[in-house]
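**Q** Take a look at the following structure, please.
The values are calculated or read from the model by the stated rules, or taken from the named source; none is laboratory data. As the structure is a computational prediction, the values presented were derived from the model and not from experiment. Here the Cβ is made from the backbone with ideal geometry for all residues, glycine too, and neighbour counts use every protein chain on show. For accessibility, only protein heavy atoms count, side chains too; no ligands or nucleic acids. Shrake-Rupley method; radii C 1.70, N 1.55, O 1.52, S 1.80 Å.
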Amino acid sequence: MKYALVNPPWTFEGSIYFGCREPHLPLEYGYARALLERAGHEVLLLDAHLRGLDLADVAARLEAFHPDRLVITTAPSYLFWRCAPPELRVPQELLAACAAVSGTRIVVGPHASTTPASTLRKLGAEVAVLGECEEILPKLAAAPAAWSSIGSIAIADAAGARVQGGSHACDLSALPALRWETADLVRHTHHHHRFDTRSSPGPGAEMEVSRGCPYHCTFCAKDEFRDDYRKRPHRIIFEELDGLIAGGVEYVYFIDEIFLPDKALLEALVPRGVKFGVQTRIDLWSASMLDLLGRAGCVSVEAGVESITVEGRNLLDKGSRLTTEQIADRLITAKRHVPFVQANLLEAGGDDPDEVEAWRSHLQRHGVWANRPVPMFPYPGSPGYTRQWGRPDDRAWERAMDQYLRQFAAFSDIQDARPRPLHELERPFPEPRAGRPQAELRP
């Protein structure tokens, strides 16, 4: 069977999107391709964002491939599933441009996982994968009549979607070391969250050493995917990393939700000489482990602090073990070993603006960057959303966006001056359609 795995040509006009807008390796598609090919299927991984393809280019390549299964994602890469664009404008535009392309439409990503019925309707797709998609996609090679036995999917029907099971979590030990085409690595000149050098001497890449997080902060949209903490085997990690280094990669960003201290991993990184960046909680690191982190090649740390008060962190369920003063000291210690250290702050309500500025200035005098607090978007699939409105329904993304625009007058520096509501960004939301019988699904 022929599978097309498509990453759209992403653009973000009018979006609240917080993530980096440069192309990043679509790790979920890399794993899926490996598992599909292992099962004997033919796979076209078409990353329009990385390759600079427009909609017409994508449609032409897909028509030439003639897929049986056309898979589209609702987020630019795994790195940004937790802060995806709320709107589905780009996937809608891509599927509209590919109306003549063959194959059953399968949608993966945070929207498919959190609000499958509305996602299927908005995209006119037949199937949504709930949660991590790599191990589920090969099962969808079966005839549609057999899909009733497949868990972690939603199938479009007259009521919107027939949901089968909960979100899927992959067995990380079963996922192989990823291999990328040399041409794609050469194109990947971006070094994500790297600020210690103005030049990019060689290609960058992304990979993961773990998936999920043992914490449940209220703002983090991970309830329906990448939730339970799991580690990849070191053998697989270094097989993949050594392949990237052999391909010319000089910087790697570990996309882990939380890069936890791992002495054996860091000691094995030291002799490899590759530079890397991480996102982590600074309160989990000791002074000696921060020293090892720097010696291992880390040049960028993005540390989630969120609030400068204990009360604010408790409100967000951070569960921090350190006081604010201790957090500042730990960040300053990190800066002695790592060229760039950032403390992430959120506009959660309650922190005094003058105290925030004083804390930021204190850190900046020691070389640590702390951003101005970013307005917090109530992502469907986050504990904060569920506490306020209950389980996400078909209008969860619209509800979250409307509240966000009502609550805040100023936004993140990387956002447009005034983000637009979803009804202005997306195509009209269709009424629930009469579901096609399974026999009438695309071949």
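**Q** Quick one: in the stretch 279-325, which of the residues that are open to solvent by 10 Å² or more (accessible area, probe 1.4 Å), hydrophobic (A, V, I, L, M, F, W, C) and more than 22 Å from A268 (Cα to Cα) is modelled with the highest pLDDT?
**A** Per the stated criteria, the residue is I308.
**Q** Shifting gears a bit: Return only the number of the condition from (1) open to solvent by 50 Å² or more (accessible area, probe 1.4 Å); (2) out of contact with any Pro (no Cβ under 9 Å at 6 or more places or on another chain) that L55 does not satisfy.
**A** Result: L55 fails condition (2) only.
**Q** Sticking with this one: Inspect all residues belonging to the stretch 157-166 and state whether any of them is open to solvent by 20 Å² or more (accessible area, probe 1.4 Å), of a type in the set (K, R) and not in a loop (DSSP other than H, G, I, E, B). Reasoning before the result, please.
**A** Initially, the stretch 157-166 is screened for residues open to solvent by 20 Å² or more (accessible area, probe 1.4 Å), giving 157-159, 161-166.
Then keep just the ones that are of a type in the set (K, R); that gives 162.
From what is left, the residues that are not in a loop (DSSP other than H, G, I, E, B) are 162.
The answer is yes, given that some residue of the stretch 157-166 is open to solvent by 20 Å² or more (accessible area, probe 1.4 Å), of a type in the set (K, R) and not in a loop (DSSP other than H, G, I, E, B).
**Q** What pairs come up if the first residue lies in the stretch 377-390 and is open to solvent by 20 Å² or more (accessible area, probe 1.4 Å), the second is basic (K, R), and their beta carbons are under 7 Å apart, counting only those six or more places apart or on different chains?
**A** W389/R399
**Q** Among the residues of the stretch 49-85, which ones are more than 24 Å from T114 (Cα to Cα) and touching a Leu at 6+ places or on another chain (Cβ under 8 Å)?
**A** Answer for the stretch 49-85, where residues must be more than 24 Å from T114 (Cα to Cα) and touching a Leu at 6+ places or on another chain (Cβ under 8 Å): L50, L53, L55, V58, R61, L62, F65, P67.
**Q** State which residue pairs qualify: first residue under 20 Å from L36 (Cα atoms) and touching a residue at least 24 places away in the same chain (Cβ under 8 Å) and inside the stretch 49-75, second residue among the hydrophobic types (A, V, I, L, M, F, W, C) and open to solvent by 10 Å² or more (accessible area, probe 1.4 Å) in any location, beta carbons under 6 Å apart, and separation of 6 or more residues or different chains.
**A** So the pair list comes out as F65/L44; D68/M1.
**Q** OK, next. Please work out which one of (1) touching a Leu at 6+ places or on another chain (Cβ under 7 Å); (2) open to solvent by less than 30 Å² (accessible area, probe 1.4 Å); (3) under 19 Å from P138 (Cα atoms) is the condition L35 fails and give its number.
**A** Only one criterion is unmet by L35, namely (1).
**Q** Then there's this: Give the stretch 127-142 a look and list any residue that's open to solvent by 20 Å² or more (accessible area, probe 1.4 Å) and either touching a residue at least 40 places away in the same chain (Cβ under 8 Å) or within 18 Å of the chain's Cα centre (by Cα) (or both), or say none.
**A** At the first step, the residues of the stretch 127-142 found to be open to solvent by 20 Å² or more (accessible area, probe 1.4 Å) are 135, 138-139, 141-142.
Across the stretch 127-142, the qualifying residues are E135, P138, A141.
**Q** Moving on. Restricting to the stretch 167-189, what's the tally of residues that are assigned to a loop (DSSP other than H, G, I, E, B), open to solvent by 40 Å² or more (accessible area, probe 1.4 Å) and either aliphatic (A, V, I, L, M) or touching a helix residue (DSSP H, G or I) at 6+ places or on another chain (Cβ under 7 Å) (or both)?
**A** Summing the residues that are assigned to a loop (DSSP other than H, G, I, E, B), open to solvent by 40 Å² or more (accessible area, probe 1.4 Å) and either aliphatic (A, V, I, L, M) or touching a helix residue (DSSP H, G or I) at 6+ places or on another chain (Cβ under 7 Å) (or both) in the stretch 167-189 gives 3.
**Q** Let me ask something else. Need pairs with beta-carbon distance below 6 Å; first residue in contact (Cβ under 8 Å) with a residue 24 or more places away in the chain and within the stretch 238-260, second charged (D, E, K, R) and not in a loop (DSSP other than H, G, I, E, B); sequence gap 6+ or separate chains.
**A** The qualifying pairs are Y251/K275; Y253/E206; I255/E206.
**Q** Can you name the condition, by its number, that G124 falls short on among (1) touching a strand residue (DSSP E or B) at 6+ places or on another chain (Cβ under 8 Å); (2) under 13 Å from V6 (Cβ atoms); (3) open to solvent by 10 Å² or more (accessible area, probe 1.4 Å)?
**A** For G124, the exception is condition (2).
**Q** Let me ask something else. Criterion first (modelled with pLDDT of 95 or more and either surrounded by 16 or more Cβ atoms within 10 Å (Cβ to Cβ) or not charged (D, E, K, R) (or both)) does K275 satisfy it? Give the steps one after another, and end with the answer.
**A** Details: modelled with pLDDT of 95 or more: yes; either surrounded by 16 or more Cβ atoms within 10 Å (Cβ to Cβ) or not charged (D, E, K, R) (or both): yes.
Yes; evaluated as a whole, the condition is true for this residue.
**Q** Right, next: If you check T104 against the conditions, is it hydroxyl-bearing (S, T, Y) and farther than 24 Å from A34 by Cβ?
**A** No.
**Q** Evaluate the stretch 71-86: report whether one residue or more is among the charged types (D, E, K, R), open to solvent by 10 Å² or more (accessible area, probe 1.4 Å), out of contact with any strand residue (DSSP E or B) (no Cβ under 8 Å at 6 or more places or on another chain) and within 22 Å of S152 (Cβ to Cβ).
**A** Yes; the residues of the stretch 71-86 include at least one that is among the charged types (D, E, K, R), open to solvent by 10 Å² or more (accessible area, probe 1.4 Å), out of contact with any strand residue (DSSP E or B) (no Cβ under 8 Å at 6 or more places or on another chain) and within 22 Å of S152 (Cβ to Cβ).
**Q** Quick test for you: out of A112, A145, pick the one residue that is open to solvent by 10 Å² or more (accessible area, probe 1.4 Å) and in a helix (DSSP H, G or I).
**A** A145
**Q** I would also like to ask the following. Looking at (1) open to solvent by less than 10 Å² (accessible area, probe 1.4 Å); (2) touching a Lys or Arg at 6+ places or on another chain (Cβ under 7 Å), find the lone condition where G243 falls short.
**A** Every condition holds for G243 apart from (1).
**Q** Among what's in the stretch 210-224 and is closer than 23 Å to I136 by Cβ and touching a Leu at 6+ places or on another chain (Cβ under 8 Å), pick the residue that is surrounded by the fewest Cβ atoms within 10 Å (Cβ to Cβ).
**A** By that ranking, first place goes to S210.
**Q** Here's another thing I want to ask about it. Being within 20 Å of C217 (Cβ to Cβ), among the acidic types (D, E) and open to solvent by 50 Å² or more (accessible area, probe 1.4 Å) is the filter here; which residues of the stretch 326-369 pass it?
**A** E347
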